[in-house]
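Here the structure is laid out as structure tokens; the discussion comes afterwards.
The values are calculated or read from the model by the stated rules, or taken from the named source; none is laboratory data. Everything numeric here is computed off the predicted structure, so don't read it as measured data. Counting neighbours? That spans all protein chains shown, and the Cβs are built from the backbone with ideal geometry, glycine included.
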């Protein structure tokens, strides 16, 4: 596994731990934010391992979402198709949590953290063997 992938996976683990702590503390908007970033960081690690680099100087969110779903799930079948829309769904939830006055509630936050946990654990299994 490449050093850069390991670093992104370490970030994913840290972000997931933060999301879970925020969920337990009833910080639902923060939990959704950290859940998305955990999934995003794990997806970046997987893309790197599959030979995909960023478009430009950094990893753009829409690019990562598209490449993850299109290349890793649909074409290369690295993951089950149940993960094809997870990253985009988590992104949308994060936008609601971050940019809408009313934010999100407990149920949505729990769903986000659960989906993220499942995705991150699966990617760790695949990438670290």
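Scanning the range 81-112 for residues that are outside any helix (DSSP H, G or I) and free of Cβ contacts under 8 Å to residues at least 24 places away in the same chain, we see that the one that is nearest to residue 36 (Cα to Cα) is 85.
If you go through the range 105-115 and pick out every residue that is buried (at least 17 other Cβ atoms within 10 Å of the Cβ) and over 18 Å from the mean Cα position of the chain (by Cα), you end up with 0. Being buried (at least 21 other Cβ atoms within 10 Å of the Cβ) and more than 16 Å from the chain's Cα centre (by Cα) is the filter here; which residues of the range 24-39 pass it? Scanning the range 24-39 gives a single hit, 28. Scanning the range 1-37 for residues that are in contact (Cβ under 8 Å) with a residue 60 or more places away in the chain and over 19 Å from residue 99 (Cβ atoms) returns 1, 5, 9, 12, 13, 16, 20, 23, 26.
Restricting attention to the range 40-79, and to residues there that are under 22 Å from residue 121 (Cβ atoms) and without any contact (Cβ under 8 Å) to a residue 12 or more places away in the chain, which single residue is nearest to the chain's Cα centre (by Cα)? Per the stated criteria, the residue is 73.
A quick yes/no check of all residues on (1) farther than 17 Å from residue 91 by Cβ; (2) in a loop (DSSP other than H, G, I, E, B); (3) in contact with a strand residue (DSSP E or B) (Cβ under 8 Å, 6 or more places away or on another chain):
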{"site": "5", "(1), (2), (3)": "yes, no, no"}
{"site": "22", "(1), (2), (3)": "yes, no, no"}
{"site": "31", "(1), (2), (3)": "no, no, no"}
{"site": "36", "(1), (2), (3)": "no, no, no"}
{"site": "53", "(1), (2), (3)": "yes, yes, no"}
{"site": "58", "(1), (2), (3)": "no, yes, no"}
{"site": "62", "(1), (2), (3)": "no, no, no"}
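For residue 128, the requirement of being loosely packed, with under 14 Cβ neighbours inside 10 Å and touching a residue at least 60 places away in the same chain (Cβ under 8 Å) is met.
Pick out the one residue from 17, 42 that is closer than 19 Å to residue 86 by Cα, modelled with pLDDT of 95 or more and exposed (fewer than 13 other Cβ atoms within 10 Å of the Cβ).
Answer to the check: 17.
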